[in-house]
Amino acid sequence: MFAKNEGPADRIIRVVAGALLIAVGLVLLGGLETSVVGIVVAAFGLWFIVTGAIGVCPGYVPFGISTVPKRQRVPSIDRSKQAA
C-alpha cells in the first residue's frame, strides 16, 4: 500500500474537520432529509475522517506531498528494482 504521508497535526485537523463536515452536511444542510448537497458535504467529511485515521491521503501521492516530520519518515521500497 502507500506509505504514511500525513503528520500528526494534519491527521487531527482532518478528523476534526471531517466530524464538522458530517454534522453540517447531515443537520444544517438537510442531508438526513435527502438533500444532495448535504449528503455530498457529509461524504467529504467521512473521507477526511478515514484519511486522517489511516494517515494516508491518496491526493498527496501524485504530488509527492508529505506532512510527516522528516525524523519519522520511513523510506519507501522501490519494488520494481528488486529481482523476483
Check on Asp78, modelled with pLDDT of 95 or more and charged (D, E, K, R): no
Between residues in segment 11-33 that are farther than 23 Å from Pro58 by Cα and residues that are not in a helix (DSSP H, G or I), which pairs lie under 8 Å by C-beta distance while being six or more apart or on different chains? Leu29/Ser35
Kindly establish whether Leu32 is at pLDDT below 95, surrounded by 13 or more Cβ atoms within 10 Å (Cβ to Cβ), of a type in the set (A, V, I, L, M, F, W, C) and touching a helix residue (DSSP H, G or I) at 6+ places or on another chain (Cβ under 7 Å). no
Among Gly45, Gly38, which is part of a helix (DSSP H, G or I), at pLDDT 95 or above and not basic (Lys, Arg)? Gly45
Residues satisfying the stated conditions in segment 1-60, i.e. farther than 30 Å from Arg71 by Cα and of a type in the set (Val, Ile, Thr): Ile22, Val24, Val27, Thr34, Val36, Val37, Ile39, Val40, Val41
Hey, can you tell me all the residues within segment 1-35 that are in a helix (DSSP H, G or I) and β-branched (Val, Ile, Thr)? Ile12, Ile13, Val15, Val16, Ile22, Val24, Val27
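The values are calculated or read from the model by the stated rules, or taken from the named source; none is laboratory data. Bear in mind that the values here come from a model prediction, so they are computed numbers and not experimental data. When we count neighbours, we look across all protein chains shown, and the Cβ atoms used for this are built from the backbone with ideal geometry, even at glycine.
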